[in-house]
Amino acid sequence: MVEKSGVLNLGIEGMMLIGAVTGFAVTMNYGPNLGDMAPWFGVIAAALAGAASSMLFAVLVLTLGSNQVATGLALAIFGIGLSSLIGASYVGMIVPSFDSFFPDWLAGDPLWRVVFGYSPLVYFALLLVFAVGWFLNRTRAGLVLRAVGENDLSAHSIGYPVIAIRYAAIAFGGALAGIGGAYFSMVITPMWAEQMTAGRGWIALALVVFSGWRAGRLLAGAYFFGVLMTLELYAKASGFSFLPSQFWAAMPYIAAIIALAVISAREVAGSEAPACLGRPFLPNA
């Protein structure tokens, strides 16, 4: 969504970590009073924290005209440091996780749990892929957002508020990055550890290019990289010792580099990327 509007935000890793520590802290501190709803309040807090951190980037880039690449990298570093500072007192603590949407006999069944045994955030993410694809391709608002990313000056000349649209897109992206971070601290390993996203924000950036900025292809690419990320665990469990575990752990990042290199060589990325991606909006130039 953010890149379709013509903005390149490299600070996903930082926003994810800010969302992760915020969601964890809210759930930990208010969990006894909120009961089963505590994880949901944690997710909402993570989304708000991610959106708020993205606004720092938006103000610097859209209002003050700073370089998008440098500002995004600064946001990533800022998020890593801030999350480590806030999370220092939560290291090793455990928070309650989400209740399943489905009955225990279905979610816990050895066969059906493959479909029904996941966190509610997983199903939310799957639905969101189709919702974003529908929004971008089937609605007038999505068409306007894509027009801003393809030719911001033309969109501005016919009266569309380019800056406001990009602010909204950045806030939406920041909120989802915060929720993605909360998934690590509240679902995958419901305890806090520094830099627990382990570079997944950079994988997300690579996935956008890998998918050609298309939601359906992005879903397939996400599952592909997800399989690569589980190879380390399966290799250890199966006793595959002919390659070191560090190789399996690095496999997703190696695959991301290879995929980006191949796509760039074929000039696919240049033909499918939004034309204004990474370029400042200069209406008076």
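Worth a mention:
- Filtering the range 39-94 to residues that are hydroxyl-bearing (Ser, Thr, Tyr), part of a helix (DSSP H, G or I) and surrounded by 14 or more Cβ atoms within 10 Å (Cβ to Cβ) leaves Ser53, Ser54, Thr71, Ser83, Ser84, Tyr90.
- The criterion of being small (Gly, Ala, Ser), part of a helix (DSSP H, G or I) and without any contact (Cβ under 8 Å) to a residue 24 or more places away in the chain does not hold for Gly19.
- Residues in the range 94-125 that are among the β-branched types (Val, Ile, Thr) and over 25 Å from Glu194 (Cα atoms): Val114, Val115.
- Some residue of the range 149-164 being outside any helix (DSSP H, G or I) and open to solvent by less than 40 Å² (accessible area, probe 1.4 Å): no
- Residue match in the range 125-138 (condition: among the aliphatic types (A, V, I, L, M), touching a Cys at 6+ places or on another chain (Cβ under 9 Å) and loosely packed, with under 15 Cβ neighbours inside 10 Å): no
- The selection criterion, being at pLDDT 95 or above, out of contact with any Leu (no Cβ under 6 Å at 6 or more places or on another chain) and open to solvent by 10 Å² or more (accessible area, probe 1.4 Å), does not hold for Phe184.
- Total residues in the range 14-25 satisfying the condition of being closer than 15 Å to Ile77 by Cα and open to solvent by 10 Å² or more (accessible area, probe 1.4 Å): the figure is 2.
- Residue that is farthest from Thr197 (Cα to Cα), among those in the range 207-237 that are at pLDDT below 80 and open to solvent by 70 Å² or more (accessible area, probe 1.4 Å): Ala237
- Residue selected from the range 101-127 under the condition assigned to a loop (DSSP other than H, G, I, E, B) and of a type in the set (Gly, Ala, Ser), by the criterion modelled with the highest pLDDT: Ser119
The values are calculated or read from the model by the stated rules, or taken from the named source; none is laboratory data. The structure presented is a predicted model; accordingly, all values stated were derived computationally and were not measured. With ideal geometry, Cβ positions are generated from the backbone for all residues, glycine too; neighbour counts draw on all protein chains shown. Ligands, DNA and RNA are excluded from the accessible area calculation, which covers all protein heavy atoms including side chains. Shrake-Rupley method; radii C 1.70, N 1.55, O 1.52, S 1.80 Å.
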